[in-house]
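Each remark here refers to the structure printed beneath this line.
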Amino acid sequence: MNKNFEIVIIGGGLAGLCNAINLSKFGKKVLLIEKNEYPKHKVCGEYISNEVLPYLEYLDINPFNFGAVKIEEFQLSTTKNKLITAKLPLGGFGISRYKLDFILSEKAKENGVIILQDSVLNVDFKEDFFNIETKENKSFYSKICIGAFGKRSVLDVKLERDFIKKKSPYLGVKIHVKGTFQENLVALHNFKGGYCGVSKVENNAINLCYITNFSSFKKYKNIEDFQENVVFKNRFLKEMFQNSEPIWEQPLSISQISFETKKPVENNMIMCGDSAGMIHPLCGNGMSMAIQAAQIASKLILNYLNGTIETRKDLEKQYIRQWNQQFKWRLKMGHFIAMLFRKDKIASLLLSILKKIPFLLPIIIKQTHGKPIEN
């Protein structure tokens, strides 16, 4: 394999793959390094805001051709089993990461992107070039390096990123089930110490994905015990879990999920998706943000490679500025909303207010979502 590329992308999730497709669309020589095989299930809410549809269309991807489910309504319950329903201002769709990542990876390969299954152990930046070293003892050189390696990685440790030095108390669990659930609905049900998203994806499967505080979880001997004693205190979740059949033998889980602030540029690498920052899953917009971040990064990188942006410093400054313009407020609102829902009394009071003034809920949702992406 050739060792020299214009762009090396580390991580083949939504942000990495959308960058790869966008950049290769303009004839750029792209290598994407991803440690897992496609397709693969991931712990993820699997709801995507419609704000990304114009950009996916630009990349020649139509999720509805692959079974994506249109979602128009939102339902919210508190730990006290109080329920409120609202129309989603923009709407969204449900599709599994298993399906979507595979679709995007096939499109990237069709565009000429080289996808290498390997893990990156080190990235050095010297004399305006990156040297990328992998677990399989391969070395690559590139003008641009995009870090799209997800929530946490060995590279985060290597780069001594601030967030990785702090312990993260969150655990995520996900399973697909067969059962009865309203097709056009995404629901968010709160329980003590966490919350669970419920929505349909392709093939009539229902995605159940919850996040909880690890300190709450470790009091119980296993996932089933935790669900029985904590999750099922929310009657909507109890009904959903008990009246459905698991499609998989075992749920997926992930620990050490961090919502700490991250830098959009690290060691001259353009960070994208969860590598640059994570919104609380409570807001249900992480997948959209990853896709939109790829659009911002790709556009600026193309301008840098064609000389419209003259220096690397200007590229980095413009990316940081645009990333913050798009996402900083959403992340702050996500933290604030999650903090409110961790306090049972405040959450119940908030829901009572929203029941009396229902038009406030779409306004709150808009704070964590963006407008349709302009290409």
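Do the conditions hold for Ile48, that is, is it part of a strand (DSSP E or B), farther than 23 Å from Asn285 by Cβ and touching a Gly at 6+ places or on another chain (Cβ under 9 Å)? Considered against the rule, which asks whether it is part of a strand (DSSP E or B), farther than 23 Å from Asn285 by Cβ and touching a Gly at 6+ places or on another chain (Cβ under 9 Å), Ile48 comes out as no. Pairing each residue of the range 292-307 that is aliphatic (A, V, I, L, M) with any residue that is surrounded by fewer than 21 Cβ atoms within 10 Å (Cβ to Cβ), provided the two are 6+ apart or on different chains, yields C-beta distances under 6 Å for Ile296/Gln322; Leu300/Gln318; Leu302/Phe26.
Looking across Asn285, Asn268, Asn234, one residue alone is at positive phi and either of a type in the set (S, T, N, Q) or without any contact (Cβ under 8 Å) to a residue 60 or more places away in the chain (or both). It is Asn268.
From the list Glu106, Glu136, exactly one residue is within 28 Å of Ser253 (Cα to Cα), open to solvent by 20 Å² or more (accessible area, probe 1.4 Å), assigned to a loop (DSSP other than H, G, I, E, B) and modelled with pLDDT of 95 or more. Which is it?
Values: Glu106 fails: assigned to a loop (DSSP other than H, G, I, E, B).
Unique residue meeting the criteria: Glu136.
When you scan the range 269-375 for helices (runs of 4 or more DSSP H) that lie fully inside it, which ones turn up with 2 or more residues that are modelled with pLDDT of 95 or more and surrounded by 15 or more Cβ atoms within 10 Å (Cβ to Cβ)? Outline the logic, then answer.
Working: elements: 286-305, 312-342, 344-356, 360-367.
The qualifying helices (runs of 4 or more DSSP H) are 286-305, 312-342.
Only one of the listed residues (Ser105, Ser49, Ser96, Ser77) is hydroxyl-bearing (Ser, Thr, Tyr), within 30 Å of Asp124 (Cβ to Cβ), in contact (Cβ under 8 Å) with a residue 12 or more places away in the chain and out of contact with any Cys (no Cβ under 6 Å at 6 or more places or on another chain). That residue is Ser105.
Per-residue answers, yes or no, for (1) hydroxyl-bearing (Ser, Thr, Tyr); (2) buried (at least 17 other Cβ atoms within 10 Å of the Cβ); (3) in contact with a helix residue (DSSP H, G or I) (Cβ under 7 Å, 6 or more places away or on another chain):
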{"site": "Leu90", "(1), (2), (3)": "no, yes, yes"}
{"site": "Lys99", "(1), (2), (3)": "no, yes, yes"}
{"site": "Ile115", "(1), (2), (3)": "no, yes, yes"}
{"site": "Gly147", "(1), (2), (3)": "no, yes, yes"}
{"site": "Ser153", "(1), (2), (3)": "yes, yes, no"}
{"site": "Lys166", "(1), (2), (3)": "no, no, no"}
{"site": "Val173", "(1), (2), (3)": "no, yes, yes"}
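If only residues of the range 11-66 that are under 16 Å from the mean Cα position of the chain (by Cα) and among the β-branched types (Val, Ile, Thr) are counted, the one that is most open to solvent (accessible area, probe 1.4 Å) is Val43. Under 6 Å between Cβ atoms, which residue pairs at least 6 apart in sequence (or on different chains) link something in the range 360-375 that is under 15 Å from Met333 (Cβ atoms) with a partner that is in a helix (DSSP H, G or I)? Matching pairs, first to second residue: Leu360/Leu354; Leu361/Leu354; Gln367/Met333; Thr368/Cys283; Thr368/Arg330; Thr368/Met333; Thr368/Gly334; Gly370/Glu51.
The values are calculated or read from the model by the stated rules, or taken from the named source; none is laboratory data. Small disclaimer: the values here were computed from a predicted structure and weren't measured. Here the Cβ is made from the backbone with ideal geometry for all residues, glycine too, and neighbour counts use every protein chain on show. For the accessible areas, the whole protein counts, side chains as well, though only heavy atoms, and no ligand, DNA or RNA atoms are used. Shrake-Rupley method; radii C 1.70, N 1.55, O 1.52, S 1.80 Å.
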